[in-house]
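The values are calculated or read from the model by the stated rules, or taken from the named source; none is laboratory data. Just so it is clear, the structure is predicted and the values come from calculations on it, not from any experiment. Cβ sites come from the backbone with ideal geometry, for glycine too, and all protein chains shown count toward neighbours.
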Amino acid sequence: MTVNNVNVLITGASGLLGRQILTYFENAELHSKYPVDDIEKFKFNCLGLCHSRAKANLRPIDLNNFEQVDKLIDEFKPNVIIHSAAVKRVESVESDYDGAVRLNRDVTGYLAKVAAQLGILFIYISTDYIFDGTNPPYKIDSQTNPLNKYGKSKLLGEEVTKEASENHCIVRVPILYGFTEPNNYGESAINVLIENVRKGSPIKIDHQQTRFPTHCIDVSRFLARLVIKYYQENGTQPNPVRGVFHCSGLESFTKYEISCIMADAYGLSKEFMQPDLTSDFTLRPKNAQLDTSETYKFLTYQPVMLFKPSIKECLENFV
């Protein structure tokens, strides 16, 4: 069997999603445990980039330093760039929009242009927050209308990606969860809910906004399948693996329901938690469900991580 060797450069590889992408792509055991079609025909040689939280298997770099970026790309010679680095917290972007735009738009635009010049497949990780949540489910060509500056900055990233080249993939994802670093469950807006559950203090928790929590393993599987499909279609001109794709878990919950699931998983009390039906949706969409039907059919892909058993596994070290 012929094995395709693919060099994959991953930005934001110290973060929740980037770390899982790097781990999944490099680990043949995970390919067997969480397979996607034809992954056995590929070997991914990965380099993970980080700004902070540097570790032995990551290369620290300031993505705003384009000279450093050029040097690294010339050295590693990637076939694929997966750009998951971003300013993600809604409140952080609201307080420093200019800083967020530098990473979410300007760095994205530069990487997309370099990738276009060198014939590299560029994959940009975007968000469901580019939609206002008033008319779900959202197809890949649905009208965008971000409610907050985070969504606006990520939409700017989509626009500069499209301007750079047709040889790109924009992958929109919803709220993510997964295996966080020790004592850092705040990496995920899902995992962090365990904090309220453990405290046992009276609290109201949103029971209006519909979320579609998606495991980072499923996003990593999706990205692997996207890259595989791209190489399988390389003889087709133009390659059909380009444009916008939606990746999302299929189960929906409110934050209150998620908190109750966590409590049930560990036999903790739910009596102190009250559903909050007075949420303000000026900054966050009420239901930004991504329509994945077209994407999943094209890639012959389905998510495999069911939320209840998966979130229990992710939180075992914190309870």
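Among the residues of the stretch 87-119, the ones that are aliphatic (A, V, I, L, M) and modelled with pLDDT under 95 come to 6 in all.
Against the criterion of being at pLDDT 90 or above, over 14 Å from D206 (Cβ atoms) and buried (at least 16 other Cβ atoms within 10 Å of the Cβ), I258 does not qualify.
Against the condition over 17 Å from K139 (Cβ atoms), part of a loop (DSSP other than H, G, I, E, B) and touching a residue at least 24 places away in the same chain (Cβ under 8 Å), how does S259 come out, does it pass?
Values: over 17 Å from K139 (Cβ atoms): yes; part of a loop (DSSP other than H, G, I, E, B): no; touching a residue at least 24 places away in the same chain (Cβ under 8 Å): yes.
The answer is no for S259.
When L30 is tested against (1) part of a helix (DSSP H, G or I); (2) in contact with a Phe, Trp or Tyr (Cβ under 9 Å, 6 or more places away or on another chain); (3) under 23 Å from G151 (Cβ atoms), only condition (3) is not met. For S201, the criteria (1) in a helix (DSSP H, G or I); (2) at pLDDT below 90; (3) not acidic (D, E) hold in every case but one, which is (1).
The lone criterion from (1) touching a Phe, Trp or Tyr at 6+ places or on another chain (Cβ under 8 Å); (2) outside any strand (DSSP E or B); (3) among the β-branched types (V, I, T) left unmet by T23 is number (1). As a summary of the residue check, T11 satisfies the conditions (1) buried (at least 22 other Cβ atoms within 10 Å of the Cβ); (2) without any contact (Cβ under 8 Å) to a residue 40 or more places away in the chain except for the one numbered (2).
Yes or no, residue by residue, for (1) modelled with pLDDT under 95; (2) in a loop (DSSP other than H, G, I, E, B); (3) among the β-branched types (V, I, T); (4) more than 21 Å from T161 (Cβ to Cβ):
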residue	(1), (2), (3), (4)
Y231	yes, no, no, no
N234	yes, yes, no, no
V244	no, no, yes, no
S248	no, yes, no, no
G267	yes, yes, no, yes
T278	yes, yes, yes, yes
P285	yes, yes, no, yes
Y296	no, no, no, yes
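Residues of the stretch 233-255 that are over 30 Å from I203 (Cβ atoms), surrounded by 14 or more Cβ atoms within 10 Å (Cβ to Cβ) and in contact with a helix residue (DSSP H, G or I) (Cβ under 9 Å, 6 or more places away or on another chain): N239, V241, R242, V244, F245, H246, C247.
Inside the stretch 164-192, can you point out the residues that are in a helix (DSSP H, G or I), aliphatic (A, V, I, L, M) and either in contact with a strand residue (DSSP E or B) (Cβ under 8 Å, 6 or more places away or on another chain) or buried (at least 21 other Cβ atoms within 10 Å of the Cβ) (or both)? Full working, then the answer.
Step one: of the stretch 164-192, the residues in a helix (DSSP H, G or I) are 164, 185-187, 191-192.
Then keep just the ones that are aliphatic (A, V, I, L, M); that gives 164, 192.
Selection gives A164 alone.
Of everything in the stretch 58-91 that is closer than 14 Å to T108 by Cα and over 18 Å from the mean Cα position of the chain (by Cα), the residue that is surrounded by the most Cβ atoms within 10 Å (Cβ to Cβ) is L63.
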